[in-house]
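Coordinate-derived values only; no laboratory data. Nothing here was measured: the structure is a model prediction, and the numbers come from that model. For neighbour counting, all protein chains shown are included, and Cβ atoms are generated from backbone atoms with ideal geometry for every residue, glycine included.
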Amino acid sequence: MSLRVRWWPTLRRRAALLAVTSGSLVMMAACADMPRDSRAQGVVWQVDNATTNPVGDWHALGVNQLLVQWTVVDDTAFVPNTGLPTAANMPDWARIGREPWARDVVLGLAGYADEKRARADVAKLIRQSERVAGVSLPLHVTGYYFPVEVDPTWGDAPKLAALLSTLPRPLWISVYDRSNIGGKTLADWLASWLPDDVGVFFQDGCGVYARGPEVARQYLDALAQRFGRDRVRVIAEAFRPSEHGGFRAATAGELREQLSAYHGYFTYLFDGPHYVSDELVRTLAPRAGRHATSP
């Protein structure tokens, strides 16, 4: 064995360690300069054919976890080896896995963009999700998300309990409340059927003016009291209705109000590629933005 062959693995390990250490120092410097009311821990990526190459400076807000909304949507796979038709433009998962905002990944499974169709075809989506869960990806996957959203108006939601049993853990679902029944009532309804080993992503409702951040915080506190804080995370909707139809990005002031209200809870920005631009990040945390640069 030559000297070069003997030493190359050691040098490679040292280089990898240096890269991780440098990344950690960058993140620590960013967080030290970051206002508390501008911090988030996760960013959501809602994959579609036009958004398969997510880029952004979300780590400048403290983000180090990526929540992928789904990896199969409308029977089209954005990951290989599922046996389903694949998207015309496939994400570069290896590159994404190296991003500082994707050091950990919660992998969304199979869904439909249309909520009514998703709820009608839950069993089919579970089968597709089982295929996705078996795919090897160059990501540090720390959990899974079944992207059929629930709310108290869905009468068949309790049937999910048995269907979710075949999916890997840690597992999360998301819940919203357009009816404004209140946090305690929502928590009671979920507790009546949700398996004990499934976590909750609460959609705050600010993006559609269902409620303000302070009321959303009351929901979070009620859910956490029932399920424990480790089992509850919040989706901060980083969009608002546009006067011209559709949605616009939330302003820095609007999003800062949400992030400040949710301090102490694991918070995801929904969603990064569509609504949280680098300019918005710099406005929220200008000093942190100077430190936090992508590797």
What lysines sit close enough to Lys116 to cross-link, taking a C-alpha to C-alpha distance under 22 Å and skipping anything fewer than 8 places away on the same chain?
Lys124, Lys159
Can you show me the helix-derived [θ] at 222 nm for the chain, built from DSSP H runs with n ≥ 4 at -39,500 (n - 2.57) apiece and divided by the number of residues, rounded to the nearest 500.
-11000 deg cm²/dmol
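Mind putting a number on the dipole of the stretch 3-291 about its Cα centre? Charges go on the C-beta only, +1 for Lys and Arg and -1 for Asp and Glu, and I need it in Debye to the nearest 20. The partial results should precede the final answer.
On the way: 32 positive and 31 negative charges, 252 e Å.
So the magnitude is around 1220 debye.
Based on DSSP, what percent of beta bridges with both residues in the stretch 3-291 are antiparallel, to the nearest 5? Before the final figure, lay out the partial values.
Values: 6 of 39 bridges.
The antiparallel proportion sits near 15 percent.
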Over the chain, with a single point scatterer placed on each C-alpha, what log10 of the ratio I(q)/I(0) does the Debye formula yield at q = 0.07, 0.09, 0.12 1/Å?
-0.27, -0.45, -0.80
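Kindly state, to the nearest 0.05, the FRET efficiency for Phe266 paired with Gln218, given R0 = 30 Å and r defined as their beta-carbon distance.
Efficiency, rounded to the nearest 0.05: 0.95.
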Can you pull out the chymotrypsin sites (Phe, Trp or Tyr not before Pro) in the stretch 162-198 whose DSSP state is coil and whose Cβ has at most 13 other Cβ atoms within 10 Å?
Trp193
